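Encoded as structure tokens, the structure appears first; notes follow it.
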Amino acid sequence: LRRQATIVYADVANYSGLCAIDEDATHRQLERCLDIFTASIGEHSGRVHHYAGDAILATFDSVEAALRCAIAVQRSLLQLNEPIAAARRVEFRIGINEGNVITSRGDVYGEDVNIAARLEALCAPGAICVSERVKQAVDERALEVTITYLGERRLKNLPRRVAAYLVEMSKEAEQ
């Protein structure tokens, strides 16, 4: 079954390195972060499809809801991480794409899911990277963000280049 969806893929930056320092503390911190993520996905009418170790895949019916969720998560995680030493912070990179997905066995598949996952890899820790479709579908001013063009990128195992954009959250909105 195919349907339109906004796909959010998030992964912890340097998870293996963090585990090498202190696996138990890293796992506890990951659990807190995933709880924040899961709650925000629910609050924004999204659906978690699966957790894969330190990654999470979710879909939304609305591009704006997906981006609002990602922004809320990154702001919450910034606050959670504030008292933690920079080298020990569990920080997510988030990729968002909008497109056609195949739904099967409670999960989602397809090239547009892969694009979201590959966009995530372009991010710095704590950042959000989106596709052209996502950028075109949202009002930056209403979301209090700036969306900056990163260029046409060749993404791993994908045949065509994808326009990538960095979502920059305003510092004033964090207060």
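Data overview
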{"item": "Within a Gaussian network of the chain (alpha carbon springs, distance under 10 Å), most fluctuating of Arg161, Arg141, Arg153", "result": "Arg141"}
{"item": "Tensor-based shape of the range 31-175 (alpha-carbon gyration tensor, a/c under 1.5 rounded, otherwise prolate or oblate)", "result": "rounded"}
{"item": "Distance between the range 66-106 and the range 113-147 - C-alpha centres, whole angstrom", "result": "11"}
{"item": "Dipole moment magnitude, nearest 20 debye, the chain about Cα centre, only Lys, Arg, Asp, Glu C-beta charged", "result": "560"}
{"item": "The chain: most fluctuating residue of Ile56, Ile102, Ile84 per GNM, C-alpha cutoff 10 Å", "result": "Ile84"}
{"item": "Most mobile listed residue (Cys19, Cys123, Cys69) in the chain, GNM with C-alpha springs under 10 Å", "result": "Cys19"}
{"item": "Leading residue at positive end of dipole, the chain (Cβ point charges), from Phe92, Gln74, Tyr9", "result": "Tyr9"}
{"item": "Cβ-placed point charges (K, R +1; D, E -1), dipole of the range 80-130 about Cα centre in debye, nearest 20", "result": "220"}
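Laboratory data are not the source of any read-out in this text; all were calculated from the coordinates shown. Just so it is clear, the structure is predicted and the values come from calculations on it, not from any experiment. Ideal geometry is used to build each Cβ from the backbone, glycine not excepted, and the neighbour counts take in all protein chains shown.
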